[in-house]
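The values are calculated or read from the model by the stated rules, or taken from the named source; none is laboratory data. Model, not experiment: these values are computed from the prediction. Reconstructed Cβ throughout: ideal geometry from the backbone, glycine too, with neighbour counts over all protein chains shown.
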Amino acid sequence: MIDHNIFQNKKAVYYTLGCKLNFAETSTLGKYLSEQGIQKASAGEKADFCIINTCSVTELADKKCRQAIRRIKKQHPGSFMIVTGCYAQLKPEEVSAIEEVDLVLGSNQKMNVMEYLLGNEKTAVTPVKEIKTFVPSCSKDDRTRHFLKVQDGCDYYCSYCTIPYARGRSRNGKIEDLVKLAETAGREGGKEIVLTGVNIGDFGKTTGETLFDLLKALDEIETIERFRISSIEPNLLTDEIVEFVSHSKRFAPHFHIPLQSGSDDVLKLMRRKYNTSFFKAKIEKIKLLMPDAFIGIDVIVGVRGESAECFEETLHFLEILPFTQLHVFTYSERQGTMALKINHVVSPKEKQERSRQLLELSGKKMKAFYLSQINYPHKVLFEQTQRGAKMYGFTENYIKVEADYNSDLINKLAEVVLGDFNEEKTALTLRAIRV
């Protein structure tokens, strides 16, 4: 039994890098520590504990983690520094060797932090093959959305990726438990929930259920206005799910689908589970049923084996594809991945140029999509964030909307007619509004 008194009046700060799943886990960890007496420090308040939840998807991510550790320690001198997350799981010795770090916790240990605070170990990391636990969580961000963790781990061993080595095998929560978490979020005032996981399309492996079963159950929760599905593999985004979203009561017409390359040769080198023809048909299916759907696509540039010809195939493929936005990632060498066996290496200069071209294409596609929505009615969920005299929110199909600040609109769904771009060309304005 933990003596909570020894932690009374202690303060903690939290810093999260990486994916939405990390943010959900940090929130759950914060709630747990609060129950033990360790409260979140206010802005400008010195903390007794610093908890950093790290990412390790690229070498740049590792570098950002190290920088964050040192920066936050300077802001809170004398604090106890705890580092967890993917970087801690993959490279515990490297993280432990950082002077400012007091405790390193792997993926299996992060939710048992109190046990290690009371112990003498500096590093506690379970071998990835032994990571089997799943801790569901539903967290609120600093705006209005909640993130519901429904799945963790990945059984896909893509040649460039270390995530399976950091997160372990695919596993998930029970639909019954996840529905209860979502219902609680609704009772607490939540309006929108994003489903998060490492490979959420793989949901159900440990419970004998399916993602489609989960979506149907969540769609019946009357206290939640809107659900979004986060990143989902194209081969796991079934026609059944697409058709369901097209007529569901609460699931938004918003998809985030990793392509990674528009070259079939590169997709094979990446060990992806589809080809470009399959991907194109999936996008066209979505657009046929939901013409106004927002479709975000992940692409990696400069992977080993991506010749100039292969990149041109990717660029041409994306030019004719009806997507909305690209998330462009520059390939980073990761120790222990199969991609290191591929001979052709792309220079940093060429990676930068390829990234520039794709970002330019993304900007054009995004602008065209926004223009297509002007003068049409939508529902906007406004956020608390205030920038100057303006506030912001998102439509069901993920269009960013700017409005004059009005505290009565915070966390409210407003029926609007969209106007033209704002001055910075970063959001659409309102032509009309009705709460």
Considering each of 156, 160, 116, 165 in turn, give the residue that is in the same structural domain as residue 54 (by TED's automatic domain parsing) and of a type in the set (Phe, Trp, Tyr). 116
Residues that are loosely packed, with under 15 Cβ neighbours inside 10 Å, part of a helix (DSSP H, G or I), aliphatic (A, V, I, L, M) and outside the structural domain of residue 91 (by TED's automatic domain parsing): does the stretch 263-284 have at least one? yes
Matching residues in the stretch 324-341 (in a loop (DSSP other than H, G, I, E, B) and either under 25 Å from residue 256 (Cα atoms) or modelled with pLDDT of 90 or more (or both)) number 6
Would you confirm whether or not the stretch 291-308 contains a residue that is in a helix (DSSP H, G or I), of a type outside the set (Asp, Glu) and buried (at least 20 other Cβ atoms within 10 Å of the Cβ)? no
Residue 79 vs (1) more than 16 Å from the chain's Cα centre (by Cα); (2) touching a residue at least 24 places away in the same chain (Cβ under 8 Å); (3) under 19 Å from residue 329 (Cβ atoms): all pass except (3)
Taking the residues in the stretch 392-435 that are under 16 Å from residue 192 (Cα atoms) and hydroxyl-bearing (Ser, Thr, Tyr) as candidates, determine which candidate is modelled with the lowest pLDDT. 392
What's the number of the only condition in (1) in a loop (DSSP other than H, G, I, E, B); (2) farther than 21 Å from residue 253 by Cα that residue 426 fails to meet? (2)
The correct count of residues that are of a type outside the set (A, V, I, L, M, F, W, C) and more than 22 Å from the chain's Cα centre (by Cα) in the stretch 308-336 is 9
With respect to residue 383, is the statement that it is at pLDDT below 95 and not in a loop (DSSP other than H, G, I, E, B) true? yes
Residue 201 - would you say it is modelled with pLDDT under 95 and crowded, with 19+ Cβ neighbours inside 10 Å? no
